[in-house]
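A quick write-up on the structure given underneath.
The values are calculated or read from the model by the stated rules, or taken from the named source; none is laboratory data. Quick caveat: nothing in here was measured; it's all calculated off a predicted structure. Counting neighbours? That spans all protein chains shown, and the Cβs are built from the backbone with ideal geometry, glycine included.
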């Protein structure tokens, strides 16, 4: 298999000391497409390797960091407005994923790009929040009836809402896995130790370290599309490294919480592939858990095939038949994990029908599009 | 009402205007120099009574000017609040 | 004079082969592009317009991998269309195949605007004469490109017709010397100028008329690595049948005007604010309305003295 250069660098950053221009070109392309350029910069800095980066490449790396910083400013603004709203409604909201890493000031946030603000709410308060958000200019993104029904009946979140002026997207969840999943998580167990942050005037709430890590793992290993999979794994890597330092007996905390919410499998995968793909050294407790769980796992060969092939840069320079097959397997697996087969088949059929009938290209929504300043846009309109 | 100025503002002074960059919101504003004078008078570290602020600027004014100036400064405060360059302070 | 290898060293066949295979690697000012396409119109235009640009190889560091491709699937048989790709990502909707070269040019602008945040980037033409540079920031419809072409044909060195690059560290202007994109009657106006001009293919855009690209002068391309300090900012506006009018712009207004025309001011945050402050401090700022070519050329001539 063509191992991606990006993974080799993540495993052993010092190899950049011997890089040729060709190596740098390849790394730049793979890291950009995996949205991990700012992340690389972070680890190069940590390893005192910045001097080995050619100026031309450094410009790209710095540009990515500038974009991340800008995104963070925007997100903080949104969070401030959202918190005011939640306070007024006397609602407890917990920030998840990228937003949480940023608010909790985790080192992980420094090189991390994300596009949506994820929030966890009590299910019975969602309707109230949705109405209040609509009054403040937030609009539901999925207007198609089927999508609306799918989200509301089977999912763990409501359709994403986008601000009509600012373009920011928020994802409101009431659970972290689809509600039709057989293995629905008792969300109260996960949020029991949620932390109120006091670092700024924002006063936001985020999950406890163990719940934060476990949520990130559950999310990654239930995901059907793994385009950003490597980044997800690298998130876990940095989270684990940080919390092992800051928490006492973090591995034990994780095992305990995973057992409570019956998500040992996600924890097992997280540790297994962190060790296998990113060469992370596991604690004794973690290693014992992994060894023990491995013995009870039957279809590990398939799962290994999927993840060892998909946790890579998703780029034209890394594709192979293995990659394509693994991607298809992961897609089906992701859907199977999310909903039982009797619901899944009609959903996928309907989805592909809708996509066939739709001729317009769906643009991904990113926060800082320079729409109005798109040079192409000007060129077209330029008269005279 | 107590108000407080947000921290870390960057300013560039020109004849009749001041350009203010607010790193908290990422916004840049072009303010009238008068508005900037009000802004300058506010500390960033402790909340300030808006009535006290008005008194400071009206101390040497005739009575009929005072009503006008009072409204004018209130407008400026509202404006600055809207731009998020100052915040209403509450416990 | 420089001994750099240029695209002129390749014949038409070699250019089209490189474009078709691993990609043609070319220096465009401070950036290096690898351009890939199997379309004949791309090869034609590249050869015609980029001849004086420096040719590099895959053993050099490359900033952007761009390509113009036909989309896969059934659509390509119905109505031939093309897509622009920056590496694996396609930021635009497809366009009719006839507009391949303009799309490549727009796409290359897009790459710079999206990624070159070590510069303050302005939507602006930039030219230089006698070491004095003028920045012409303008929105669409102001006649910026026509004015830029007129100056470029009258002794001014072209730095860029579309984008000012101001280095955040040195505050110097970098040049791109890219072809100037012209539309409709502008093409005629420039062709009527009493000097030699080389144009790319004239493309009919069914919605908006015609578009073509003016080849930058050899001198401009050869001097592309020479940076220059900002000297003047002129906000231009073409107004039919009006006599020329030039007003000094007050600095605060110019500041806001520069921001409005910037691609990345808000992303740069504090660094952007500092760069614009420095820019405004070091330049004279004017607004200009004009209609007559002679009058406007005379104004700029005086500015450069």
Practice problem: Look through the stretch A:100-129, keep the residues that are in contact with a strand residue (DSSP E or B) (Cβ under 7 Å, 6 or more places away or on another chain) and touching a residue at least 60 places away in the same chain (Cβ under 8 Å), and return whichever of them is nearest to residue A:236 (Cα to Cα). | Solution: A:100
Exercise. Take the stretch C:129-150 and flag every residue that is surrounded by fewer than 24 Cβ atoms within 10 Å (Cβ to Cβ), more than 13 Å from chain A (Cβ to nearest Cβ) and within 22 Å of residue C:195 (Cβ to Cβ).
Key: C:129, C:130, C:132
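Output the residues belonging to the stretch A:209-228 that are modelled with pLDDT of 85 or more and over 16 Å from residue A:96 (Cα atoms). Steps first, please.
Initial filter on the stretch A:209-228 (modelled with pLDDT of 85 or more): A:209-221.
Of everything in the stretch A:209-228, just one residue is modelled with pLDDT of 85 or more and over 16 Å from residue A:96 (Cα atoms), namely A:221.
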Exercise. Restrict the check to the stretch C:127-134 and report whether at least one residue is touching a helix residue (DSSP H, G or I) at 6+ places or on another chain (Cβ under 8 Å) and either at pLDDT below 95 or closer than 21 Å to residue C:26 by Cα (or both).
Key: no
Self-check item: Filter result (over 11 Å from residue A:213 (Cα atoms) and touching a helix residue (DSSP H, G or I) at 6+ places or on another chain (Cβ under 8 Å)) within the stretch A:245-255
Solution: A:246, A:247, A:249, A:252, A:255
Practice problem: Taking residue C:233 as meeting all but one of (1) within 14 Å of residue C:120 (Cβ to Cβ); (2) assigned to a helix (DSSP H, G or I); (3) more than 12 Å from every other protein chain (Cβ to nearest Cβ), write down the number of the exception. | Solution: (2)
Quiz prompt | Residue selected from the stretch B:7-29 under the condition in a strand (DSSP E or B) and within 7 Å of another protein chain (Cβ to nearest Cβ), by the criterion farthest from residue C:269 (Cα to Cα) | solution = B:17
Quiz item: Could you say which residue among C:223, C:245 is more than 9 Å from chain B (Cβ to nearest Cβ) and closer than 19 Å to residue C:175 by Cα?
Solution: C:223
Quiz item: Only one of (1) within 12 Å of another protein chain (Cβ to nearest Cβ); (2) assigned to a strand (DSSP E or B) is not met by residue C:169, so which one is it?
Solution: (2)
Quiz item: Is at least one residue of the stretch C:276-295 at the interface with another protein chain (Cβ under 10 Å from one of its Cβ atoms), in contact with a strand residue (DSSP E or B) (Cβ under 9 Å, 6 or more places away or on another chain), surrounded by 21 or more Cβ atoms within 10 Å (Cβ to Cβ) and at negative phi?
Solution: yes
Quiz item: Within the stretch C:255-264, can you find the residues that are facing chain B (nearest Cβ under 9 Å) and crowded, with 23+ Cβ neighbours inside 10 Å?
Solution: C:255
Exercise. Could you list, in sequence order, all residues of the stretch C:80-111 that are crowded, with 21+ Cβ neighbours inside 10 Å, at the interface with another protein chain (Cβ under 10 Å from one of its Cβ atoms) and in a strand (DSSP E or B)?
Key: C:84
Quiz item: Do we find that residue C:114 is buried (at least 18 other Cβ atoms within 10 Å of the Cβ) and closer than 27 Å to residue C:167 by Cα in this structure?
Solution: yes
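Could you say which residue among C:42, C:35 is surrounded by 19 or more Cβ atoms within 10 Å (Cβ to Cβ), assigned to a strand (DSSP E or B) and away from every other protein chain (no Cβ under 14 Å)?
On the way: C:42 fails: assigned to a strand (DSSP E or B).
Matching residue, one of C:42, C:35: C:35.
With the structure loaded, tell me whether residue A:99 is surrounded by 17 or more Cβ atoms within 10 Å (Cβ to Cβ) and either more than 25 Å from the chain's Cα centre (by Cα) or more than 14 Å from chain C (Cβ to nearest Cβ) (or both) or whether it fails that test. Quick ask: steps written out before the conclusion?
Numbers: surrounded by 17 or more Cβ atoms within 10 Å (Cβ to Cβ): yes; either more than 25 Å from the chain's Cα centre (by Cα) or more than 14 Å from chain C (Cβ to nearest Cβ) (or both): yes.
Yes, satisfied.
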Self-check item: Filtered residues of the stretch A:78-99 (kept if touching a strand residue (DSSP E or B) at 6+ places or on another chain (Cβ under 6 Å) and outside any helix (DSSP H, G or I))
Solution: A:93, A:94, A:95, A:96
Exercise. Residues being assigned to a loop (DSSP other than H, G, I, E, B) and either within 24 Å of the chain's Cα centre (by Cα) or surrounded by 19 or more Cβ atoms within 10 Å (Cβ to Cβ) (or both): count how many of those fall in the stretch A:257-312.
Key: 9
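Answer with yes or no whether residue C:53 is surrounded by 15 or more Cβ atoms within 10 Å (Cβ to Cβ) and farther than 22 Å from residue C:197 by Cβ. Before you say what the answer is, go through the steps one by one.
Details: surrounded by 15 or more Cβ atoms within 10 Å (Cβ to Cβ): yes; farther than 22 Å from residue C:197 by Cβ: no.
So residue C:53 fails the test.
For the stretch C:210-224, state whether one or more residues are in a loop (DSSP other than H, G, I, E, B), under 21 Å from residue C:120 (Cβ atoms), within 17 Å of the chain's Cα centre (by Cα) and not assigned by TED's automatic domain parsing to the domain that holds residue C:28. Full working, then the answer.
Taking the stretch C:210-224 as the starting set, the residues that turn out to be in a loop (DSSP other than H, G, I, E, B) are C:215-217, C:223-224.
From the residues that got through so far, the ones that are under 21 Å from residue C:120 (Cβ atoms) too are C:224.
Retained after the next criterion (residues that are within 17 Å of the chain's Cα centre (by Cα)): C:224.
Among the residues that remain, those that are also not assigned by TED's automatic domain parsing to the domain that holds residue C:28 are: C:224.
Within the stretch C:210-224, one or more residues are in a loop (DSSP other than H, G, I, E, B), under 21 Å from residue C:120 (Cβ atoms), within 17 Å of the chain's Cα centre (by Cα) and not assigned by TED's automatic domain parsing to the domain that holds residue C:28.
Which residues, counting only those in the stretch C:58-72, are free of Cβ contacts under 8 Å to residues at least 40 places away in the same chain and either more than 17 Å from residue C:108 (Cα to Cα) or within 7 Å of chain A (Cβ to nearest Cβ) (or both)? Before the answer, list the steps.
Residues of the stretch C:58-72 free of Cβ contacts under 8 Å to residues at least 40 places away in the same chain: C:58-62, C:68-72.
Residues satisfying the conditions are C:58, C:59, C:60, C:61, C:62, C:70, C:71, C:72.
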Exercise. Please determine, by comparing only the residues of the stretch B:30-40 that are in a strand (DSSP E or B) and touching a helix residue (DSSP H, G or I) at 6+ places or on another chain (Cβ under 8 Å), which one is farthest from residue A:69 (Cα to Cα).
Key: B:31
Exercise. Would you check if residue A:86 is touching a helix residue (DSSP H, G or I) at 6+ places or on another chain (Cβ under 8 Å), over 27 Å from residue A:193 (Cα atoms) and modelled with pLDDT of 90 or more?
Key: no
Practice problem: Among what's in the stretch C:172-186 and is free of Cβ contacts under 8 Å to residues at least 40 places away in the same chain and within 11 Å of another protein chain (Cβ to nearest Cβ), pick the residue that is surrounded by the fewest Cβ atoms within 10 Å (Cβ to Cβ). | Solution: C:185
